[in-house]
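Rule-based calculations on the coordinates, nothing more; no lab input. Just so it is clear, the model here is predicted, and its values are computed rather than measured. Here the Cβ positions follow ideal geometry from the backbone for every residue, glycine too, while neighbour counts run over all protein chains shown.
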Amino acid sequence: MLVSATEMLKKAKAGHYAVGQFNINNLEWTKSILLTAQELNSPVILGVSEGAGKYMGGYHAVVGMVNGLLQDLNITVPVALHLDHGSFEGCYKCIEAGFSSIMFDGSHYAIDENVAKTTELVKAAHDKGLSIEAEVGSIGGEEDGVVGMGECADPDECKAIADLGIDFLAAGIGNIHGKYPENWQGLSFETLDAVQQKTGDMPLVLHGGTGIPADMIKKAINLGVAKINVNTECQLAFAAATRKYVEEGKDLQGKGFDPRKLLAPGAEAIKATVKEKMELFGSVGQA
């Protein structure tokens, strides 16, 4: 059964580890992540961007697939199904479809409008038992067409949004979606520290977890980050393993073209990536 992400993230912040949000793109992705979480006895958050939701046929299709897998694969660890970078309308659609958590990305609105829209969604989400994440200071890189420069959030704005009753907060601390450029300045730990001091026990979220060095990840967790989002790394691993299979001509041997064979190396590569991240984040055995 899906659960909201509130409890697992409060527990993570108190225990100085982080729960990974791994974005899903299809059945292989979802199954690989769930099986790895179960094997490692780790809580997990399945992230769905609006673009991925559309690609998979719609939010009801995603909810049906995830709930079916939880039941049929006998997944007993805590699993949250979370809308990633949701629009105002997208949040309402996911509440209705049966998601257990949403993120409202109001970072491109003026702070007053972000506050008004977040306030309304906090009530709508909590009325149905969902957790809600909000964002201040856009995260750099591209997320489904929304482009941000990797700016740092204003700690006072973070406090204003945190006080609206959200469950966890994504604050820009120089992080970027996708691959990090050569001249990346690194995470701003002073921003993170200032945000944590203003927001107290609120679990903080690090977007763009792909490519951030392990020592920076560990330091971020020590400074209150309890949720780390990973997407690009799984995509790169899946693509590399699939490319290798095809380049070695395995799809031309016997029934090698069967999608269950063709996609198996990619699915295994996702499992390996998720395992590596769960170990780094410290969530293994924390279910």
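Just to verify a number: FRET efficiency for Glu96 and Asn26, C-beta to C-beta distance, R0 = 22 Å, to 0.05?
Numbers: r = 23 Å, r/R0 = 1.03.
Result of the calculation: an efficiency of 0.45.
How much length would be gained if the chain were fully extended between Glu120 and Glu279, taking 0.36 nm per residue of separation minus their Cα-Cα distance, in nm to one decimal? Before the final figure, lay out the partial values.
Working: separation 159, 0.36 × 159 = 57.24 nm, distance 3.68 nm.
Contour length minus the Cα-Cα distance gives 53.6 nm.
Among Ile24, Ile221, Thr242, flag the residue with its Cα farthest along the positive direction of the charge dipole of the chain, charges on Cβ as +1 for Lys/Arg and -1 for Asp/Glu.
Thr242
Residues in segment 71-99, backbone N under 17 Å from the label point at Lys54 (7 Å along the Cα-to-beta-carbon vector): list them, ranges by number please.
Those under the cut-off are 83-94.
With unit charges on the beta carbon (Lys/Arg positive, Asp/Glu negative), name the residue among Pro181, Leu262, Phe99 whose Cα is farthest towards the positive pole of the charge dipole of the chain.
Final value for the positive-end residue is Leu262.
Compute the long axis of helix 88-97 from its Cα atoms, compare it with the longest principal axis of the Cα atoms of the chain, and write down the angle in degrees, 0 to 90, nearest 10.
60 degrees
Just checking my list (i) 62, 43, 36; (ii) 84, 40, 34; (iii) 51, 40, 32 against Cα extents along the principal axes in Å computed from this structure; which label fits?
Answer by label: (i).
Counting each DSSP H run of 4 or more residues in the chain as -39500 (n - 2.57), what helix-only mean residue ellipticity at 222 nm follows after dividing by all residues, to the nearest 500 deg cm²/dmol?
About -14500 deg cm²/dmol.
Mind running the shape call on segment 10-109? Use the C-alpha gyration tensor, a ≥ b ≥ c as the square roots of the eigenvalues: rounded below 1.5 for a/c, prolate if a/b tops b/c, oblate otherwise. Can you show the working numbers first?
Working: a/c = 2.06, a/b = 1.20, b/c = 1.71.
Oblate.
Just report the Cα centroid separation between segment 167-201 and segment 1-60, whole Å.
So the separation of the two Cα centres works out to 21 Å.
Give me the distance in nm between label points sitting 7 Å out from Cα along the Cα-to-Cβ direction at Asn74 and Asp258, one decimal.
2.4 nm
In the chain, what percentage of the DSSP-assigned beta bridges are antiparallel, given to the nearest 5? Before the final figure, lay out the partial values.
Values: 4 of 35 bridges.
Within the chain, antiparallel bridges account for around 10 percent of the total.
How far is helix 264-281 tilted, in degrees, relative to the longest principal axis of the Cα atoms in the chain, given as a value from 0 to 90 rounded to the nearest 10?
30 degrees
Could you tell me which chymotrypsin sites (Phe, Trp or Tyr not before Pro) in segment 193-287 are loop residues by DSSP with no more than 12 other beta carbons within 10 angstrom of their beta carbon? Intermediate values should be presented prior to the final figure.
On the way: sites: Phe238, Tyr245, Phe257, Phe281; in loops: Phe257.
For chymotrypsin sites (Phe, Trp or Tyr not before Pro) across segment 193-287 that sit outside H, G, I, E and B with at most 12 neighbouring Cβ atoms in 10 Å, the list reads Phe257.
Which order do the peptides 196-205, 76-85 come out in when sorted by mean C-beta neighbours inside 10 angstrom, highest first?
Values: 196-205: 19.2, 76-85: 24.3.
Descending mean neighbour count gives 76-85, 196-205.
How do 248-256, 126-134 rank on mean C-beta neighbours within 10 Å, highest first? Kindly include the intermediate steps, with their values, before the conclusion.
Values: 248-256: 11.4, 126-134: 20.8.
Put in order of decreasing packing, that is 126-134, 248-256.
Mind checking which aspartates and glutamates have their Cα closer than 12 Å to the Cα of Lys93? Skip sequence neighbours fewer than 8 apart in that chain.
Glu50
Take every Cα pair under 8 Å in the chain that's 6+ residues apart, average their separations, divide by the length, and report that relative contact order as a whole percent.
Details: 583 pairs, mean separation 63.4, N = 287.
Relative contact order of the chain: 22 percent.
May I ask for the angle, rounded to the nearest 10°, between helix 6-15 and the longest principal axis of the chain, with both axes built from Cα atoms and the value confined to 0 to 90°?
Helix 6-15 sits at roughly 80 degrees to that axis.
Set the Förster radius R0 to 22 Å, insert the Cβ-Cβ distance between Ser87 and Asp156 as r into 1/(1 + (r/R0)^6), and round the FRET efficiency to 0.05. Don't skip to the end; give the middle numbers.
Values: r = 25 Å, r/R0 = 1.14.
According to the calculation, E is roughly 0.30.
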